[in-house]
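**Q** My questions will all concern the structure given below.
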Amino acid sequence: MSLLVVGLSHRSAPVSVLERASLPAEAQAKLLQDTLAAEPAVEAAVLATCNRIELYADVDKFHAGVAELSTLLAQHSGVGLDELTPYLYVHYEDRAVHHLFSVACGLDSMVVGEGQILGQIKDALALGQELHTAGRLLNDLFQQALRVGKRAHSETGIDRAGQSLVTFGLEQLAAGADVAGWAAGKRALVIGAGSMSSLAAATLARTGVAEIVVANRTRARADRLVEILVQPSGTGVAARAVEMAAVRDELTRADVVVSCTGATGLVLTAEAVATALGLDVDDAVETPAAPAVPAPAPADADRHAAWVENGSAGAVRQAVRRATVPAQGAGPVRLALLDLAMPRDIDGGAARLDGVHLVDIESLAEASADAPMAADVDQVRTIVADEVAAFGAAQRAAHITPTVVALRTMAAGVVAGEIARLDGRLPDLDEKQRAEITQTVRRVVDKLLHAPTVRVKQLASEPGGAGYADALRELFDLDPQTVAAVSRADLNDPNRGRS
């Protein structure tokens, strides 16, 4: 196993960089294809969410792999490699497995314990399978990550350590008040009809808003979301769909706006918000750009990974957040804005308007950094550590399986050849005698091979046991092509790794 992950997230990069580096669906597909086209990767998967972009690959060379994956991320994100490099983290082999399992459990999420990441991991696996870029290692890895995440949520109280990003955002808008009481009777505008927007609409409906208006570039998706909201088995809230062109008009009637689209530009400008509230557009001040973050220029990936993990990086990021979070407008809140998109949908300058309260990904990161950690987090960390060890052992054991199968295949061939030779020497044997001799020879071979093959699997599953497969091939002079054929047959199993 030579698993490598190169990525950046809300923990390593400021929101301004994450916004620019976001990958739409078509860019993700192209990134995967280009990763396989370039050496040294033989498998690839990409996990791209609103607050992380990670490229996973099975590589045969570490340093070449880090350089290639970093370059590809820069090319496809549109952020220059020199600018992107200080924010990248690198994990290899067991550390990479530990990272993904932690992500799947919600330990690395902006809101600890949130469960939406499991759906995003499943989508990442599905894309890799669809494009045939996820092979044996990444199929096994992502499938196991999903199981580990589900185990963490079912066996612990990690859900109590945090909520979904939507719920946490609404709590920030409510500013300490009961969310249901704060939302009661309000008119809500939801911009977008994807998974996050649908979750936001359902959450708003449960909190007791009076009406939900859904706007989306594809009207059919907005209509479908409204159907789900108003049907008897749904939330029963009053809801209607509108075209994106109607958003400005709906702003004049809305009390709460939640936006999460895949747009690359702003969906709501500060000017549009000011106009909807009847304010002077000159009051809509653009949010100043994030200042450059001083960062060391690591000599190699190991030094950079160490820098990302130490406390100085976190201190710099917190300073950036404090410097870039805009001051909220004065006076009673007339319009509450929740921006869950990456890159952002709502102009940060809107927060400076009187009567406007804006919560976005950046301010959520600031708030969640101070949230208390639940005691269950330690239990989840134990689960992750155990699962990482088990996954490593299983992968090492699986590595030797084709060699063991090839050995037994060779032994079966030897038995068949000797029985055929016996038939030539003793043609008068009846079927019963021949069957008894054949069974005896097979039992002898099986008994001779049983103990060493069982033991070699046990040894191979331990750390440093990868060399046992090579030793077995050398001792029994096994044909490497036969071993490779067994591996390919296992990899091409249509039932393997399907989610």
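The values are calculated or read from the model by the stated rules, or taken from the named source; none is laboratory data. As the structure is a computational prediction, the values presented were derived from the model and not from experiment. Note: ideal-geometry Cβ built from the backbone for every residue, glycine included; neighbour counts use all protein chains shown. Accessible surface is based on the protein model in full, side chains and every heavy atom, while ligands, DNA and RNA are left aside. Shrake-Rupley method; radii C 1.70, N 1.55, O 1.52, S 1.80 Å.
**Q** Taking a probe of 1.4 Å, how large is the accessible area per residue of region 27-165, in Å²? Write out the running numbers ahead of the final one.
**A** Working: 4910 Å² over 139 residues.
With all protein chains present, region 27-165 gives 35 Å² per residue.
**Q** Tabulate in residue order the Karplus-calculated ³J(HN,Hα) for region 121-134, using 6.51 cos²θ - 1.76 cosθ + 1.60 with θ = phi - 60°, rounded to whole Hz; enter x for Gly and Pro.
**A** Along region 121-134, the couplings run 5, 4, 5, 4, 5, 4, 5, x, 5, 4, 8, 6, 9, 9 Hz.
**Q** To continue, here is another question. Evaluate the charge dipole of region 76-217 about its Cα centre and quote only its size in Debye, nearest 20, assuming +1 on the Cβ of each Lys and Arg and -1 on the Cβ of each Asp and Glu. Show your work: numbers first, answer last.
**A** Details: 11 positive and 14 negative charges, 94 e Å.
Rounded to the nearest 20 debye, it is 460 debye.
**Q** Rounded, prolate or oblate: which one fits region 195-240, using the alpha carbon gyration tensor with axes a ≥ b ≥ c (rounded when a/c is under 1.5, else prolate when a/b beats b/c, else oblate)?
**A** Judged from the Cα gyration tensor, region 195-240 comes out prolate (a/c at least 1.5, a/b above b/c).
**Q** Assuming a ≥ b ≥ c are the square roots of the Cα gyration tensor eigenvalues, decide whether region 147-218 counts as rounded (a/c under 1.5), prolate (otherwise, with a/b larger than b/c) or oblate. Show your work: numbers first, answer last.
**A** Details: a/c = 2.86, a/b = 1.43, b/c = 2.00.
Oblate, because a/c is 1.5 or more while a/b does not exceed b/c.
**Q** Can you tell me how much longer the chain between GLN379 and ILE228 gets when fully stretched, taken as 0.36 nm per residue apart minus their C-alpha distance, in nm with one decimal? Provide the component values of the computation, followed by the final result.
**A** Values: separation 151, 0.36 × 151 = 54.36 nm, distance 3.69 nm.
Taking 0.36 nm per residue and subtracting the Cα distance, the gain is 50.7 nm.
**Q** At 7 Å along Cα-to-Cβ for each site, give me the label-to-label distance between ILE437 and ALA177 in nm.
**A** Taking the two extended label points, one gets 9.4 nm.
**Q** While we're looking at this one, here's another question. Any chance you could run the full-extension gain for HIS132 through ALA416? It's 0.36 nm times the residue separation minus the Cα-Cα distance, nm to one decimal.
**A** Working: separation 284, 0.36 × 284 = 102.24 nm, distance 3.85 nm.
Result for the pair: 98.4 nm of gain on full extension.
**Q** Still on this structure: To the nearest 0.05, how large is the calculated FRET efficiency for ARG455 and GLU366 if R₀ is 56 Å and r is the Cβ-Cβ distance?
**A** Efficiency for this residue pair is about 0.55.
**Q** Report, in whole Å, the centroid distance computed from the Cα atoms of region 194-240 and region 249-281.
**A** 19 Å
**Q** OK, next. Taking 0.36 nm per residue of separation and subtracting the Cα-Cα distance, what length does fully extending VAL444 through ASP249 add? Walk me through the numbers before you get to the answer.
**A** Details: separation 195, 0.36 × 195 = 70.20 nm, distance 8.45 nm.
Taking VAL444 through ASP249 to full extension adds about 61.8 nm, to one decimal.
**Q** Can I ask one more? What is the spin-label model distance, in nm, from ASP479 to THR264 if the labels are put 7 Å beyond Cα along the C-beta direction?
**A** The modelled label-to-label distance comes out at 5.3 nm.
**Q** Taking θ as phi - 60°, what are the ³J(HN,Hα) couplings along region 197-210 by the Karplus curve (6.51, -1.76, 1.60), each to the nearest whole Hz, with x for Gly and Pro?
**A** Going residue by residue, I get 5, 5, 5, 4, 5, 5, 5, 4, 4, 5, 6, x, 5, 6 Hz, with x marking Gly and Pro.
**Q** Here's another thing I want to ask about it. Leaving ligands, DNA and RNA out of it, report the carbon-plus-sulfur percent of the accessible area of region 1-76 at a 1.4 Å probe. Walk me through the numbers before you get to the answer.
**A** On the way: 1260 of 2510 Å².
Summing carbon and sulfur atoms, their accessible area is 50 percent of the total for region 1-76.
**Q** Here's another thing I want to ask about it. At 1.4 Å probe size, what's the solvent-accessible area of PHE62? Round to the nearest 10 Å².
**A** Solvent-accessible area, nearest 10 Å²: 40 Å².
**Q** Relative to the Cα centre, what is the charge dipole magnitude of region 37-146, using +1 at the beta carbon of each Lys and Arg, -1 at the beta carbon of each Asp and Glu, and rounding to the nearest 20 debye? Display every interim value, and only then the final one.
**A** Values: 5 positive and 15 negative charges, 38 e Å.
Using Cβ point charges on Lys, Arg, Asp and Glu, region 37-146 gives about 180 debye.
**Q** Moving on to the next point. Please work out whether region 1-116 counts as rounded, prolate or oblate from its C-alpha gyration tensor, where a ≥ b ≥ c are the square roots of the eigenvalues and a/c under 1.5 means rounded, while otherwise a/b larger than b/c means prolate and anything else oblate? Write down the numbers at each step before the final one.
**A** Details: a/c = 1.59, a/b = 1.17, b/c = 1.37.
Judged from the Cα gyration tensor, region 1-116 comes out oblate (a/c at least 1.5, b/c at or above a/b).
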